[in-house]
Amino acid sequence: MKTLIRQRFIVGNWKMHTTASEAKQLGQGVVGGLGSADHVTVILCPPFPYLALVGDIVKGTQVALGAQNMYPEKEGAFTGEVSPTMLFDLGCTYVILGHSERRHKLGESDSFINQKVECALAAGLNAILCVGETLEQRKAKQTEAVLDSQLTQGLANVPPEFLSRLSIAYDPVWAIGTALHHENPQQAHDAHLLIRRKLGQICGESWAQRMTVQYGGSVEPDNAAAFLDQPGIDGVLIGGASLKVDSFLAIAQAAMTVVQAEMQPA
Ligand code: PGA
């Protein structure tokens with residue numbers, strides 16, 4: 001049997017959805033229905049108020065807990081913010097940073113996101129840095145320049161000893177939350193190649209080959225395999241479809257099927 005070069009991720013980003021009882025049902029449904037997820041890391045990212053609740057459900061299971069954001073300080077007078085230390089304390093092992101909704105709806109800059117990446121990694125969390133272009137940027141053929149700049153700035157000064165806890169999510173803004181602009185898997189594959197090439201320049205070729213780069217943007221059970229089948233797409237970050245147990249589990253199953261096929265001897 002072959003060994004996988006890169007860890008595969010299935011991330012459920014619940015965004016600002018669910019009540020406490022829905023979060024509980026969703027968490028329990030995923031944990032109960034997952035079966036064996038060998039070689040695939042399944043991560044649930046509920047809203048802050050439900051991290052402890054979902055953390056209790058996933059504790060001791062193969063499902064990991066992640067947060068959707070954090071503030072880049074250990075503690076202090078930052079009213080309304082949540083620190084990486086608090087996330088760690090609650091059992092979070094992952095944190096999503098620089099999601100396009102935070103970049104574009106809340107005005108987060110690359111330098112602020114970079115502080116978050118450094119602070120999350122220093123606190124012992126695994127950071128998932130999101131990058132991706134808008135539709136206007138894609139139409140203006142700026143995809144490569146945007147990815148270059150988001151990666152260069154977002155990963156500035158990340159110490160090499162933290163790179164094993166870093167992964168990237170390519171979430172093109174125009175493909176998120178809409179059936180209208182479904183990105184095709186070939187376009188996603190091309191962008192992933194650009195990202196990995198840039199990672200090689202920033203982190204060195206060996207890290208670039210080992211780093212998980214996942215795709216996000218309206219991934220559903222019916223298109224997940226097409227994305228996951230692309231070489232270099234190491235998982236998916238799922239918004240809408242992660243809010244239903246059945247669709248999330250179907251996508252996780254698609255990832256496991258792809259991984260199992262890849263591990264068969266040639
Ligand atoms: P979506 O979200 O699956 O709802 O498009 C994906 C994302 O936010 O990356």
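Results, tabulated for the structure shown:
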{"quantity": "Calculated FRET efficiency for the pair Thr152/Asp89, C-beta based, R₀ 25 Å, to 0.05", "calculated": "0.20"}
{"quantity": "Dipole magnitude of the range 92-218 about its Cα centre (Cβ charges: Lys, Arg +1; Asp, Glu -1), debye to nearest 20", "calculated": "60 debye"}
{"quantity": "Surface per residue (accessible, 1.4 Å probe) for the chain, Å²", "calculated": "45 Å²"}
{"quantity": "Average Cα contact separation per residue, the chain, under 8 Å, 6 or more apart, as relative contact order %", "calculated": "22 percent"}
{"quantity": "Extension gain (nm, one decimal) between Phe78 and Ala52, 0.36 nm per residue minus Cα-Cα", "calculated": "7.3 nm"}
{"quantity": "Per-selection Rg to Rh, the range 43-133 - Cα, Kirkwood hydrodynamic radius", "calculated": "0.96"}
{"quantity": "Top positive-direction residue, dipole computed over the chain with Cβ charges, set Gly80, Leu4, Ser21", "calculated": "Leu4"}
{"quantity": "Protein accessible area in the chain, 1.4 Å probe - carbon and sulfur %", "calculated": "54 percent"}
{"quantity": "Highest-MSF residue in the chain out of Gly80, Gly55, Gly240 [GNM, Cα springs under 10 Å]", "calculated": "Gly80"}
{"quantity": "Long-range amide H partners of His99 with built H, under 5 Å", "calculated": "Cys130"}
{"quantity": "Percent RCO, i.e. relative contact order, over the range 143-252, from Cα pairs under 8 Å lying at least 6 residues apart", "calculated": "28 percent"}
{"quantity": "Low-density loop cleavage sites - GluC sites (Glu not before Pro) in the range 34-103, where at most 11 other Cβ are within 10 Å (DSSP)", "calculated": "Glu75"}
{"quantity": "Lys, Arg +1 and Asp, Glu -1 on Cβ, resulting dipole of the chain about Cα centre, debye, nearest 20", "calculated": "140 debye"}
{"quantity": "Mean separation of Cα contacts under 8 Å, 6 or more apart, over the residue count of the range 16-76: relative contact order %", "calculated": "37 percent"}
{"quantity": "Mean-position separation - Cα centroids, the range 181-211 and the range 125-165, in angstrom", "calculated": "10 Å"}
{"quantity": "For Tyr50, solvent-accessible area (1.4 Å; no DNA, RNA or ligand), Å²", "calculated": "50 Å²"}
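The values are calculated or read from the model by the stated rules, or taken from the named source; none is laboratory data. Just so it is clear, the structure is predicted and the values come from calculations on it, not from any experiment. As a convention, Cβ positions derive from the backbone with ideal geometry for all residues, glycine included, and neighbour counts pool all protein chains shown. To get the accessible areas, we keep the full protein, side chains included, count just its heavy atoms, and leave off ligands, DNA and RNA. Shrake-Rupley method; radii C 1.70, N 1.55, O 1.52, S 1.80 Å.
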